[in-house]
Amino acid sequence: MPNKTINAVIVEDEPKNVALLKNMLDLYCPQVHVTGDANSVETAMGVITKNNPDLVFLDIEIGGGNAFQLLDILQPVKFDVIFVTAYDNYLLQAIKYSVLDYLFKPVNIKELVAAVNKSAERIHSQKASRQIEQLLKNFSAPKNTATITLPTSFGFYVIPVQNIVRCEAKGSYTIFFMDDGKSHTASKTLKEYEEVLPPDIFFRAHHSHLINIKFIVKYHKGKGGIIEMKDKTEIPLASRRKNDFISLFDPGE
């Protein structure tokens, strides 16, 4: 883990939250040196341009706009970002797609330390700007054209969400099966991907399987039943999920 000093800026419109975060960083993340703070899109532009930070702690909702508008204005972004937010599921999906970090308010110390450590690794490997570019693309893209970033042991893959046939749990890993016959193994759990993939397209059929309903070919009745996918795999349907699955298609039975 690189021990180099990380110069940081805090963008947050509540002064008490700025003071609290600064105090936590002083106590638990001594490698982080806060060089400035801002409370709006306009002031953040000036502070970030002046300080040229390695890392920005960024609230999603700020005066004069939001975090995504600010990042768009500052393109190309040369710093890493840790989002500090109280909400919102849609925005958090965009963030997770791009494998960027976010902290919920009130900030948890352990989560803060973990996020700063991961940020240090991204800064050291110069991955930050690519991931923010991907984030902005995902935030503005329609769901059927969005991509998702899959972290691996060697780096990451960027794949189109609409081309995912199914996802299968393998311990703490997830295997993504694509419509071109290829597969990719990602170093996150199936539950984490269930939370970020569009729920109107992806259905949790079983504790080990998340499927894209566009690629369903056939359903075989049974206690739970079997779902046949376009790639010819047969996915078991958990009995507790049967009614929810049937209701997706409303066959009138």
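Could you name the aspartates and glutamates whose alpha carbon sits less than 18 Å from that of K221, not counting residues in the same chain fewer than 8 places away? Within the straight-line limit of under 18 Å, K221 reaches these aspartates and glutamates: E234, D244, D250, E253.
Students often get this wrong, so check it: of K78/K182; K191/K218; K188/K214; K170/K230; K191/K214; K105/K214, which have C-alpha atoms separated by over 27 Å? Walk me through the numbers on the way to the answer.
On the way: K78/K182 33 Å; K191/K218 25 Å; K188/K214 24 Å; K170/K230 21 Å; K191/K214 20 Å; K105/K214 37 Å.
Violating the 27 Å limit, Cα to Cα: K78/K182; K105/K214.
Each value in this text was obtained by applying a stated rule to the coordinates, not by laboratory testing. Since we're looking at a predicted model, the values are computed, not measured.
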